[in-house]
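Comments concern the structure below.
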């Protein structure tokens, strides 16, 4: 690493607190996350991953948001101005950036995406050389640099200035890798794909077509502002209707950067991440391939998943919410399958992050190997009703510490009388407090959630969005 030198121009950005949350630096483009932020992040990374006799190599991918192009160019300018090379994958998925970073020996990967958020938000996700989310120590150094707490790297000059390199070949290699994982031909299968007008818009169909499926695609016409708009895994109603109307065998819905996947069975019923984990884990155990006989889930996973795993004598671990927490636990305990209810599913033998397209390929493998419909594969899992309410608040940290809110949570749990649970947590990416109740019936869920939401409102923390 090169020594830092002080810059005589004022580059300090207004202190925004901590920039990087559980899933990168995310906020409204040119409000919380600006081109200047991106340039400075690029400046730091270009310096950090270079040495006097070695250029850093950093690969960048982006989703289809209009602001992704602005941030891509700002990052590339910062990287090259510090003497490193920036390789551009262009529009691609988050898992593809992780795959290429590791396989092609890059020092760092960057994904520009706000995942399932609306188009006007964006984000910067950092990936280390192993294809994993960047470590906290490096993130801390970047945040200190953004806050003006450290010196400024010297600008590269003459032949030490970095290059920007078109690297679409890396994206194509990732597509080839996914195709290679297809254990069976998909010929004769009618598959629906909802690409959310995001990163999967042409990659997913390319993979399924190559494997022989008759592919039906919706929401694959991105225009820069329609990503996730009534589409994808967060708005799965359209795919449910589409599967039934077209008599499809199965449907898969991705989010904006395609690191998550939800399924729809042939009857139009949603198969969430918990049921996906069950289908995958039971299949692996049948074949003697479920290392350590363990599934890694989160505290948000449904009680019904754990009851179904108990019947198969499959162990499970519960982590805090967030695919990074799931992956870290899996890596520490040599587990091969884990994920979240939201559809972040990690198949550790094939990827270092959640990968929506990979998940859909694995579900297809189970259906074809067992010659069964998806509804039949998920039948053993009976999910408890859950109700999740996202409350937009002025200060999520204060909400979580408020005595009135804590007392309300205790009252709600007493209402459940041991036949369910309450989970109240901060969002890692938005100014929200998520209030979830799980109970034997929806009215009980509604009653318990209302107890907590009313308490948050009584404290004066709720943002009025009218």
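Throughout, read-outs are computed from the coordinates displayed, never taken from laboratory work. Just so it is clear, the structure is predicted and the values come from calculations on it, not from any experiment. With ideal geometry, Cβ positions are generated from the backbone for all residues, glycine too; neighbour counts draw on all protein chains shown.
Using R0 = 56 Å, the C-beta based FRET efficiency linking residue 371 and residue 150 works out to 0.40. For the chain, DSSP calls about 55 percent of its internal beta bridges antiparallel.
Placing dummy labels 7 Å off each Cα toward the beta-carbon, the span from residue 161 to residue 446 is 6.4 nm. With the simple model of a label 7 Å out from the Cα in the direction of the Cβ, residue 286 to residue 392 spans 4.6 nm. Taking the average, over residues, of other Cβ atoms within 10 Å as the packing measure, peptides 27-37, 86-96, 43-53 rank 86-96, 43-53, 27-37 from highest down. Peptides 129-140, 161-172, 205-216 ranked from most to least packed give 205-216, 161-172, 129-140, packing being the mean of other C-beta atoms within 10 angstrom over each peptide's residues. Whole angstrom only: what separates the Cα centroid of region 365-389 from the Cα centroid of region 104-175? Centre-to-centre distance over Cα atoms comes out at 37 Å. By the beta-carbon count within 10 Å of each Cβ, the least crowded to most crowded order of 445, 263, fewest first, is 445, 263. Panel order for 240, 158, 65, by other beta carbons found within 10 Å of each beta carbon, from fewest to most: 158, 240, 65. Each semi-axis of the equivalent ellipsoid for region 20-172 is √(5λ) with λ an eigenvalue of the Cα gyration tensor; in descending order they amount to 21, 18, 14 Å. Over the residues of the chain, the helix contribution to mean residue ellipticity at 222 nm works out to -11500 deg cm²/dmol, using -39500 (n - 2.57) for each DSSP H run of at least 4. Taking all Cα pairs closer than 8 Å and separated by 6 or more residues, the relative contact order of the chain comes to 12 percent.
Potential lengthening of the chain between residue 185 and residue 135 amounts to 14.1 nm, from the contour at 0.36 nm per residue minus the alpha-carbon distance.
Taking the number of other C-beta atoms within 10 Å as the exposure measure, put 282, 68 in order starting with the fewest. The order, fewest Cβ neighbours first, is 282, 68. Working ranking of peptides 413-426, 352-365 by packing, defined as the average number of other Cβ atoms within 10 Å per residue, highest first, is 352-365, 413-426.
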